[in-house]
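Taking it in order: structure first as structure tokens, then the write-up.
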Amino acid sequence: MAKRTIVALPGDGIGAVVLKQAVRVLDAAGFDAEYVYGDIGWDFWCSEGNPLPQRTIDLIAKHKIALFGAITSKPKDEAAAELSPELQGKGFTYSSPIVGLRQHFGLDICVRPCRSYKGNPLNFIRRGKDGNPEEPMVDVVIFRQNTEGLYGGVEWSNPPQQVYDALMTHPKFRDNFGWCPKEELAVSTRIFTRKYTERIVRAAFQHAAKYGYKSVTVCEKPNVIRETSGLMWKIAKEMQKSEFPSIQLWNTNIDAQMMWLTKNPEDYGVIVAGNMFGDIVSDAFAGLIGGLGFACSAQFSEDGIGVFEPTHGSAPKYAGYEVSIVNPVAMIESACMMLDYIDEKDTAARIRKAIAEVIEDGAVKTYDMMKLTGKQEVIAMGAASTIKMTDAIIAHLK
């Protein structure tokens, strides 16, 4: 079999740190690949006015598979202030390169598994009926629609006249916001299409059927956001009835779900949501399994492009530490999702087993697992460095 080519996108801050460790684990597991490195992130915004250069888009289009570290993203005015002086005032506008990547390639299906590792000191613990502590094991997979909704980027400050006139045709806009001068308005849209809502809902049902989950939960707000959330709920009901009658279909509002996930997280299997609510609920469930140091993700397009990344940010202050302290597990787990996608499931299973053994053994813990504040001195307090945690996983692979 020909050697795989993987596009490696370190990005900003700790992205480069954790990506390097994931590649070390892949190499140790015997995954034979060539890595070509792509430019993405804050440095390229500042120097070129484009955090997602065309040359990087071309690399991904050619090779189809990418491992992505993390990016720094800042509000519009702050981004403009950090642009190189020779580029300022020339019409460059910052937008998130990862959002741009998703929309350019149609990476509409985002999968975020949240599974407890036995022995993880950060696992969620509650008090049981008898008053004693109990630790429910969480095994939830969130399917997040990745290209539409509130992250679609269709928004304005001081909207154009034709947009304002269109909004004024809606009685609720006219009655509730018609008093506001156009130049004082900021408007963001929440757009759902039937095609891509059906795709994410079907992907959720298919995953539940394939891996034996008993339920799919639509986590939206159809009682208030009637058109968009209502569309997802309507499609889910139709699809469950016609295609997946053996899988239970549940409906939770996003606000209620935030309460219930700490009461009975073990009851949930597969959750499907729009872009913003999927982002929220996946971070919430990640908190039950140890936080963003354990939160991996994958995103796919219709034509076979896959990008795999941890859901944590770039945390640039940690990238500057002489000895890196960040937890590499989320990045390594994202690499495992990549292996699953390209049908290297045995290698992925071996790596996950090694991670599980390291965590259950408990001899090696990163600072977050020791519940310490993220400062350089945690190494002297017994916390494992990023490299030491990776070394332990590699040792268990062997």
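Laboratory data are not the source of any read-out in this text; all were calculated from the coordinates shown. None of these values were measured; they are calculated from a predicted model. Virtual Cβ from ideal backbone geometry, glycine too; neighbours counted across all protein chains shown.
Residues in the range 202-217, backbone N under 14 Å from the label point at LYS237 (7 Å along the Cα-to-beta-carbon vector): list them, ranges by number please. Taking a point 7 Å out along Cα→Cβ of LYS237, no residue of the range 202-217 has its backbone N under 14 Å.
Structure shown: which of LYS64/LYS388; LYS64/LYS345; LYS20/LYS317 lie over 20 Å apart, alpha-carbon to alpha-carbon? Violating the 20 Å Cα-Cα cut-off are LYS64/LYS388. Within the listed set GLY293, GLY212, GLY230, the Gaussian network model of the chain (springs between alpha-carbon atoms below 10 Å) gives the highest mean-square fluctuation for GLY212. If you run the Gaussian network model on the chain, springs between alpha carbon atoms under 10 Å, then out of PRO181, PRO222, PRO159 the most flexible one is PRO181. When the chain is treated as a GNM with alpha-carbon contacts under 10 Å, the residue of SER157, SER282, SER297 showing the greatest mean-square fluctuation is SER157. Only helices enter the 222 nm calculation for the chain: every DSSP H run of n ≥ 4 contributes -39,500 (n - 2.57), and dividing by all residues gives -12500 deg cm²/dmol, rounded to 500. Length gained on full extension, ALA61 to MET168, computed as 0.36 nm times the residue gap minus the Cα-Cα distance: 34.4 nm.
By its C-alpha gyration tensor, with a ≥ b ≥ c as the square roots of the eigenvalues, how is the chain shaped: rounded for a/c under 1.5, else prolate for a/b larger than b/c, else oblate? Since a/c reaches 1.5 but b/c is at least a/b, the shape of the chain is classed as oblate. Evaluated with a Cβ-only charge set (Lys, Arg +1; Asp, Glu -1), the chain carries a dipole of roughly 860 debye about its Cα centre, given to the nearest 20. Under 5 Å between amide hydrogens, built in the peptide plane, is the criterion, and for ILE271 it picks out VAL141, ILE142, PHE143, THR217 among residues at least 5 positions away or on other chains. Couplings for the range 263-272, taken from phi via the Karplus curve 6.51 cos²θ - 1.76 cosθ + 1.60 with θ = phi - 60°, read 8, 8, x, 5, 6, 9, x, 9, 10, 10 Hz in order; Gly and Pro are left as x. Taking amide H positions as modeled 1.01 Å from N, with prolines and chain starts lacking one, the residues under 5 Å from LYS365 and 5 or more places away or on another chain are ALA384.
Using only alpha carbon pairs under 8 Å that are at least six residues apart, calculate the relative contact order of the chain and give it in whole percent. Kindly include the intermediate steps, with their values, before the conclusion.
Values: 770 pairs, mean separation 86.4, N = 398.
Relative CO of the chain lands at 22 percent.
Placing unit charges on the Cβ atoms only, positive for Lys and Arg and negative for Asp and Glu, gives the range 33-118 a dipole magnitude near 560 debye about its Cα centre. In order along the range 133-145, phi translates into HN-Hα couplings of x, 9, 10, x, 7, 9, 9, 10, 10, 9, 9, 10, 5 Hz, rounded to whole numbers, per the Karplus curve 6.51 cos²θ - 1.76 cosθ + 1.60 with θ = phi - 60° and x for Gly and Pro. Placing dummy labels 7 Å off each Cα toward the beta-carbon, the span from ALA256 to GLU322 is 5.5 nm. The GluC sites (Glu not before Pro) found in the range 175-260 that occupy coil by DSSP, while having at most 15 further C-beta atoms within 10 Å, are GLU227.
Any chance you could run the full-extension gain for ILE387 through GLN88? It's 0.36 nm times the residue separation minus the Cα-Cα distance, nm to one decimal.
Details: separation 299, 0.36 × 299 = 107.64 nm, distance 3.95 nm.
So the chain would gain 103.7 nm between ILE387 and GLN88.
Ranking TYR321, ALA286, LEU261 by Cα position along the charge dipole of the chain, where only Lys, Arg, Asp and Glu carry charges on their C-beta atoms, puts LEU261 farthest toward the positive end.
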